[in-house]
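Report on the structure given below.
We did not get these values from a lab; they are worked out from the coordinates using the rules stated. Computed from a predicted structure; not experimentally measured. No Cβ is skipped: glycine too gets one built from the backbone with ideal geometry, and neighbour counts run over all protein chains shown.
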Amino acid sequence: MIRDFLKHNWPRYLYGSIFLILVDLLMLVTPRVIGMIVDEIRGGAQDLNLVGLLILAVIGVAFGLFITRLLWRIFIMGAARRFEYYTRKTLFEKLLTLSPTFYDKTRVGDLMARFTNDVNAVRMAMGPAIVMIIDAVFLVTVTIIAMGLFTNWSLTWISIAPLPALAVVSTFFGKMIHKRFKLVQASFSDLTDTIEESISGVRLIKSYGIEDLRNETLTEKSNLYVDKNMNLVKVWGMFFPLTQTLSMLGSVLATLFGGRMVILGQITLGEYITFTSYLGMLVWPMTAFGWVINIIQRGRASYRRLMEVLEEENNITTNDPIEVVSFEGHVVMKNLTFTYPTGTRPALENIDFEVKPDSKIAIVGTTGSGKSTMAKLIARLYPVEEGMLFIDGVDINNLRPEAIRDNVAYVPQETFLFSETVGNNIRFGNMEISDEEVERYAKVASIHEDIEGFSKGYKTIVGERGVTLSGGQKQRISIARALIKEAPLVILDDCLSAVDTETEAEILKSLKESEINRSIIVISHRLKAVVDSDEIYVLHDGRIVEKGAHADLVEAGGLYQRMYERQMLEEKLEEE
C-alpha cells in the first residue's frame, strides 16, 4: 500500500525534504553570525557597517526560515494527509470486495478502530516521523561538521560522546514500544466494539433493564484499555526522559571543557557561543530520535493491522468465467452439501432442488434447518463446490458474483435501511430511477399507503437503520428496494415475518401477477402464504424431507402436514 502511494506522491516528499534541508542549512547560519557579532563587539565594534550587515543577515535568515518551513509543511504534511485519505479509501474498497465469511469472524468495532486509530498512527509515520528522521540524520551531521569547522574538533568529539548510548537505548525501548502498542490497539478495538454494540442495541438494553450490566461491561473494557495504555506509558515515560538526559549530557561536557578553552584562550568567546548554539540545535534531533522510534513503532504495528485486512483473500473466486447473455432464473442444486467456513458440521446435506423459470417455489421447515443458507448460496454469498449448484445450466463457480447479484433480487431476513429518505432507500443502487417507478414498486410491496401517511411522504428521513419505522414497514420497503431491480429471480428470505398473513399473501400475489416474468423463491415460516406455490420444499436438520404441492404434502401426513395443522389451530385460537 505504501509503495503504491509513493509511486504517485514521491515528488511531494522530495520537494518537502529539499525545503526541510534548506531549513536545517539556514539554521546553521544564525549561530555563526551571532558568534561573529559577539567577537566584533568584544573587540570594540570597529566596523559598525559590518555589524549592521550581520544583523540584516539574521533577519534575512529568519524570513527564509519562515518560507522554507511553510513549504516543507505543505509538501510533507500534505502528503501524509493524502496518504490518510488514500488508506481509508483503499481499506473501504477492500471491505466492499470481501465475502460474508470475513464479516462472520470480524467485529465492527475492530474495523472501526483500524479506520481511525490505526490509520492515524500510520499517517504520523508518513508525516512527522519523516520530518524527524531528516532532522535527526541531516541536521545532526551538518551541525557536527559545523561545530568542528567553525570551533574545535576536540570539543566536538567530547560533546557528542553520548550519541552512541542514545542509539542503543532507542533500539532497546523501540522493540518494547512496538509490542505494547499492538496490545493497546487490540484493546481499543475491543472497547470500540463494545460501545458500538451498546449504542446499536440501546433499545434492547433499556427494555431488559440491564443498563448497569452493560455499564459494568464497558467499565471493564475501559479499564483494560487504560491498563494497556499505562503499560505503554511506563515504557514511553522512562524512554523519553532518558533520551533527554543523554542529550543534555553533551551540554554539560561542552560547558565543562569549552569554558576551560575560553579561559585558556584556545577559542574565542564568540566561537564558544557559536558552539553552544550548535549544541543546542543538536538537542532537538537527538530528542526527536526517541519520538521517531515511538512513532515508527506505532506506525508499524498499525500498518500490520491494516495489511491484515488488505491481504485478506476473498473465498469466492471465479475461474474461467462464463458470460450469461439472457438470465432466466433456472436454479438447480445437485446433491449439494455445504458447511460454513466457521462451522464444524454441514448446514445442508445432499440437497436436490430446482427452480424453473417463471415459477414460484417455497422453502419451509424447522428452525435452523438451512432454509436461509440455500438462499445465500444461490446469491453466491458463500462458496460451494463445483458441480453442485447451477444457474441457467452454468456452474455457479463459473459465474461472476456481480453478474449473479445483478440478476438476483435477494431480500434477507435482517432488514437494513440507511439514514436516508424513504424514496432513496427504495431506489438504493440506482438513484436515477424516477419517483413514479419508486411509487409503483412501493405499491407492489404494499407500503405506498404507509409512506403517504408519513410527515414528508417519500422524502421522510428514516432514523439510523430505520429505527423510526415499524418492523413490517422496514420489511416492505426492503422488498420494494429489491423489486425495483426488475431481476428475473427474486428470493424472499422470511422477510415478511413482521407483516400479517393477509398482507404477505397480497404481496406475493402481486409479485406473481406482475407483467415481468420472474422466478420467485419464498422462504417463510407461515405456510398459509405459500400454499399456491408450484412446489414446496420441506427442510429438517439440513435435509429435504419432503417436496411437492401443498395439497399433496398435506395428504402425505408428514412434517409439513403437522406444521400446517399447528398453524391453522393457532390462528383459530387467536381469533377466539
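Data table
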{"item": "Per residue, the convex hull volume that the Cα atoms of the chain enclose (Å³)", "result": "221 Å³"}
{"item": "Neighbourhood net charge (11 Å Cβ-Cβ; Lys/Arg +1, Asp/Glu -1) for Pro100", "result": "+2"}
{"item": "Charge dipole of the chain about the Cα centre (unit charges at C-beta), most positive-ward option of Thr339, Leu65, His178", "result": "Leu65"}
{"item": "Kyte-Doolittle mean at least -0.5, axial Cα span of 30 Å or more - DSSP H helices of the chain", "result": "2-42, 48-72, 163-200, 211-264, 269-310"}
{"item": "The chain - share of DSSP beta bridges that are antiparallel (%, nearest 5)", "result": "45 percent"}
{"item": "Helix-derived mean residue ellipticity, 222 nm - over the chain, DSSP H n ≥ 4, -39500 (n - 2.57), to 500", "result": "-20500 deg cm²/dmol"}
{"item": "Around Met281: net Lys/Arg minus Asp/Glu count, Cβ-Cβ under 11 Å", "result": "-2"}
{"item": "Environment charge at Leu553 (Cβ cut-off 12 Å; Lys +1, Arg +1, Asp -1, Glu -1)", "result": "-3"}
{"item": "Contact order normalised by residue count of the chain, Cα under 8 Å, 6+ apart, percent", "result": "14 percent"}
{"item": "Fewest-first ranking of Tyr272, Tyr13, using other Cβ atoms within 10 Å as the exposure measure", "result": "Tyr13, Tyr272"}
{"item": "Residue pairs, from the table Lys105/Lys474; Lys105/Lys182; Lys105/Lys376; Lys105/Lys334; Lys89/Lys485; Lys360/Lys572, whose Cα atoms sit over 22 Å apart", "result": "Lys105/Lys474; Lys105/Lys334; Lys89/Lys485; Lys360/Lys572"}
{"item": "Contact order normalised by residue count of the stretch 77-310, Cα under 8 Å, 6+ apart, percent", "result": "40 percent"}
{"item": "Euclidean distance of C-alpha centroids, the stretch 391-406 and the stretch 422-477, integer Å", "result": "30 Å"}
